[in-house]
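The values are calculated or read from the model by the stated rules, or taken from the named source; none is laboratory data. Just so you know, these numbers come straight off a predicted model, no measurement behind them. Cβ placement follows ideal geometry from the backbone for every residue including glycine, while neighbour counts extend to all protein chains displayed.
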């Protein structure tokens, strides 16, 4: 969709006719709508596809390493990855949970000169505070009770490659000075050891927290923050890049269909509508889980809106009753609801039919026809 995620989120369904939703519900941008279309296996190109040259440039930019996206926000992420990957700069990836921060870290590693060396992930939120130093830096035998053998730390395991510090804001404050020293001096000392060993490792960190707040609260050292944030990549939430949803949904559909050995080849138009308009608090991870559920439940080749999670379907219903200004009643007909919504959109855009039609997801000629059909009901 060419509109921003904010505009898309406000856009309700227009022109609904029971029992089938019109095609424009899926997407307001014809180019984005086409992203839902997937050729049948073994089928040749359609006549319009043969006549229209393929946009191979667009196909190339939609997939970067293990990332998918055609939205401007993701295109910027791809460009940043390409810029920073060949360097040795420390990278800080920020974004909400489920946006794909580890995938970005992996993409940076795979496009770097360290691609064939280790990539070690450290989940800072999952390591108990008392064991963090030992896990990260290693220890020698007898360093503490229970240390019956030498242990190589995760930083040393990544020597020559990349270490990914996930949820870095959860790192214990007592460990942060030692990590800073390792980054600055390129050496690490195991717990209980008297000598340091050289270390050649690139650090990529990620967090879903506001690190400025962590600084203010004293949970993160300022010098470590500036050392980690040499190059920052911010990942947008899925609700702000809705034009990527068709690509992601089809990718997950194909993957789970292969895994479950089912022939599920498309989404119904109403399923497309719900997928496009849902806000995804869990971001891409939530979409992935929703598609896995839908493929599992699908009884034919098409995923319907009934196969989607109930929360995804119910999220769109309150739009009819949002606020007290919308005169919604269970006794209203579909035509009355449509006429009232068209009137409100026209009022919002001060009678500008071009902007109103774009917001409604229909052509201007269709809007004019509906205005003529409903007459005074849509006058502003």
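Below are the figures for this structure:
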| quantity | calculated |
| --- | --- |
| Qualifying position, being touching a helix residue (DSSP H, G or I) at 6+ places or on another chain (Cβ under 8 Å), farther than 19 Å from residue 133 by Cβ and in the same structural domain as residue 134 (by TED's automatic domain parsing), among 209, 227 | 209 |
| Filter result for residue 249 (surrounded by 18 or more Cβ atoms within 10 Å (Cβ to Cβ), without any contact (Cβ under 8 Å) to a residue 40 or more places away in the chain and touching a helix residue (DSSP H, G or I) at 6+ places or on another chain (Cβ under 9 Å)) | no |
| Condition broken by residue 270, with the remaining ones in (1) farther than 14 Å from residue 296 by Cβ; (2) out of contact with any strand residue (DSSP E or B) (no Cβ under 9 Å at 6 or more places or on another chain) satisfied | (2) |
| Residues located in region 227-239, provided they are at pLDDT 95 or above and crowded, with 18+ Cβ neighbours inside 10 Å | 233, 235, 236, 237, 238 |
| Residue satisfying all of: in region 88-109; out of contact with any helix residue (DSSP H, G or I) (no Cβ under 8 Å at 6 or more places or on another chain) and without any contact (Cβ under 8 Å) to a residue 60 or more places away in the chain; nearest to residue 208 (Cα to Cα) among these | 103 |
| Hits in region 110-138 (condition: free of Cβ contacts under 8 Å to residues at least 60 places away in the same chain, out of contact with any helix residue (DSSP H, G or I) (no Cβ under 6 Å at 6 or more places or on another chain) and closer than 20 Å to residue 84 by Cβ) | 110, 111, 113, 115, 116, 117, 118, 121 |
| Check on residue 161, surrounded by 16 or more Cβ atoms within 10 Å (Cβ to Cβ), in contact (Cβ under 8 Å) with a residue 40 or more places away in the chain and farther than 20 Å from residue 224 by Cα | yes |
| Residues that are crowded, with 18+ Cβ neighbours inside 10 Å, in a helix (DSSP H, G or I) and at pLDDT below 90, drawn from region 60-87 | 62 |
| Helices (runs of 4 or more DSSP H) fully within region 104-208 counting 3 or more residues that are under 19 Å from residue 92 (Cα atoms) and modelled with pLDDT under 95 | 176-185 |
